[in-house]
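Engineer: Mind looking over this structure? Questions follow.
The values are calculated or read from the model by the stated rules, or taken from the named source; none is laboratory data. Just so you know, these numbers come straight off a predicted model, no measurement behind them. Don't worry about glycine lacking a Cβ; one is built from the backbone with ideal geometry, like all the others, and counts go over all protein chains shown.
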């Protein structure tokens with residue numbers, strides 16, 4: 001009888017421990033979501049205010065995006081964590097800020113990914129991961145504001161790969177590899193990268209593997 005009661009107490013303790021961990025995780029995740037929302041809002045307002053001040057969205061967009069992404073990467077490097085969350089949230093905020101002032105989201109997408117890759121290389125961060133999370137943020141924002149996701153995705157990927165090419169062959173290959181995965185299933189997006197980079201056109205029927213191989217050959 002005593003052994004049975006002891007077993008019941010043990011199970012109850014384990015149940016309490018599981019519940020405590022669950023509640024702690026839920027609270028943490030809620031906190032992360034709130035932090036992400038704050039970062040998106042900060043970037044969105046900063047970009048919108050900056051572009052309203054300059055009065056030339058098309059001309060100043062790249063400079064604004066590069067400066068903001070550089071500040072983001074530097075901040076996450078100083079803190080020692082949050083690179084993945086920070087770059088995605090800021091990229092999302094940039095696109096939303098551009099949308100707020102009536103800017104071209106397709107152009108902004110390329111500017112943002114170029115700025116992110118450039119910023120990552122300047123501070124010695126993981127260029128491929130920064131590129132991936134930036135594209136994720138750009139596409140998420142585009143969907144939310146009702147933009148043309150296909151065209152935005154194309155320009156974002158092209159911008160990231162071309163910027164990585166300016167960094168070096170290793171960076172170009174790693175960025176291409178990770179973004180081919182992001183665009184999986186969107187053959188027209190992958191093929192569109194090739195002629196814009198001065199490579200032979202793969203045509204509408206170009207396959208994912210062919211696009212990736214040609215990009216690698218070019219870099």
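Engineer: Residue under question is residue 117, and the condition is that it be part of a helix (DSSP H, G or I), touching a helix residue (DSSP H, G or I) at 6+ places or on another chain (Cβ under 6 Å) and modelled with pLDDT of 85 or more; does it hold?
Structural biologist: yes
Engineer: Go through segment 91-105 and report how many residues are surrounded by fewer than 18 Cβ atoms within 10 Å (Cβ to Cβ) and in a helix (DSSP H, G or I).
Structural biologist: So the count comes out to 1.
Engineer: When you go through 48, 43 one by one, which is the residue that is part of a helix (DSSP H, G or I), over 14 Å from the mean Cα position of the chain (by Cα), at pLDDT 75 or above and more than 15 Å from residue 160 (Cα to Cα)?
Structural biologist: After applying the criteria, what remains is 48.
Engineer: Just one of the numbered conditions (1) closer than 20 Å to residue 155 by Cα; (2) modelled with pLDDT of 75 or more; (3) over 14 Å from the mean Cα position of the chain (by Cα); (4) crowded, with 18+ Cβ neighbours inside 10 Å is not true of residue 57; which one?
Structural biologist: (2)
Engineer: In segment 123-146, what residues are surrounded by fewer than 22 Cβ atoms within 10 Å (Cβ to Cβ) and more than 15 Å from residue 87 (Cα to Cα)?
Structural biologist: Of everything in segment 123-146, those that are surrounded by fewer than 22 Cβ atoms within 10 Å (Cβ to Cβ) and more than 15 Å from residue 87 (Cα to Cα) turn out to be 143, 144, 145, 146.
Engineer: Could I ask something else about it? Given the conditions (1) modelled with pLDDT of 70 or more; (2) more than 30 Å from residue 101 (Cβ to Cβ), report the number of the one that residue 34 does not fulfil.
Structural biologist: So the condition that residue 34 fails would be (2).
Engineer: Test residue 126 against the criterion of being over 23 Å from residue 171 (Cβ atoms) and either in contact with a helix residue (DSSP H, G or I) (Cβ under 7 Å, 6 or more places away or on another chain) or without any contact (Cβ under 8 Å) to a residue 60 or more places away in the chain (or both), and give yes or no.
Structural biologist: So residue 126 fails the test.
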